[in-house]
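Student: Can you read through this structure? Questions will come right after.
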Amino acid sequence: MGRPFRLLAVLALATTLASATAAGVAAQPTPPTTNDQPRNPLVEEAQRSREAVELFRSSERNFVPDPDIVGDVVAPPPVSPAPVPAPVVPRPGVGVVASLLLGLVGGVVGGIAALAGWIAAARRRPRQPASAT
């Protein structure tokens, strides 16, 4: 294959690629406008929140208190005597001694478990540094 023939083949190939690229760019659709794009629900929520805040603030600016209500003084509530607490009496059928023994056993078992965990943590060997060899 001679040099002029290769040069002609490269030129034809480059022209084909350039025309295909130009046709692809020309065939691209126009970028979507804001009306064509789907709306983001978070943006819509923020817009509604902003409108609600503005409405609330405008009602605060336009608020005029009623003169009949402003002059009234509210009477303090009447003071009632402090209620007398009822004595603590166990319900019938509940063994007081059995409840105390159950609490004592639960405390001992919990204490033994905490002590066992502390001993297990204290007996662990400290980490050895990695050897450099």
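The values are calculated or read from the model by the stated rules, or taken from the named source; none is laboratory data. As the structure is a computational prediction, the values presented were derived from the model and not from experiment. Cβ atoms come from the backbone with ideal geometry, glycine included; neighbour counts cover every protein chain shown.
Student: What are the pairs with Cβ atoms under 9 angstrom where one residue, in the stretch 82-102, is surrounded by 10 or more Cβ atoms within 10 Å (Cβ to Cβ) and the other, located anywhere, is part of a loop (DSSP other than H, G, I, E, B) and of a type outside the set (Ser, Thr, Tyr)? Sequence gap at least six, or different chains.
Tutor: Cβ pairs passing all conditions: 99/90; 101/95.
Student: Could you please give the count of residues in the stretch 21-47 that are loosely packed, with under 10 Cβ neighbours inside 10 Å, in a helix (DSSP H, G or I) and either at pLDDT 65 or above or β-branched (Val, Ile, Thr) (or both)?
Tutor: Residues that pass the stated criteria total 4.
Student: Would you point out which residue out of 80, 131 is in a loop (DSSP other than H, G, I, E, B), among the polar types (S, T, N, Q) and either touching a Phe, Trp or Tyr at 6+ places or on another chain (Cβ under 6 Å) or at pLDDT below 75 (or both)?
Tutor: That would be 131, the only listed residue that is in a loop (DSSP other than H, G, I, E, B), among the polar types (S, T, N, Q) and either touching a Phe, Trp or Tyr at 6+ places or on another chain (Cβ under 6 Å) or at pLDDT below 75 (or both).
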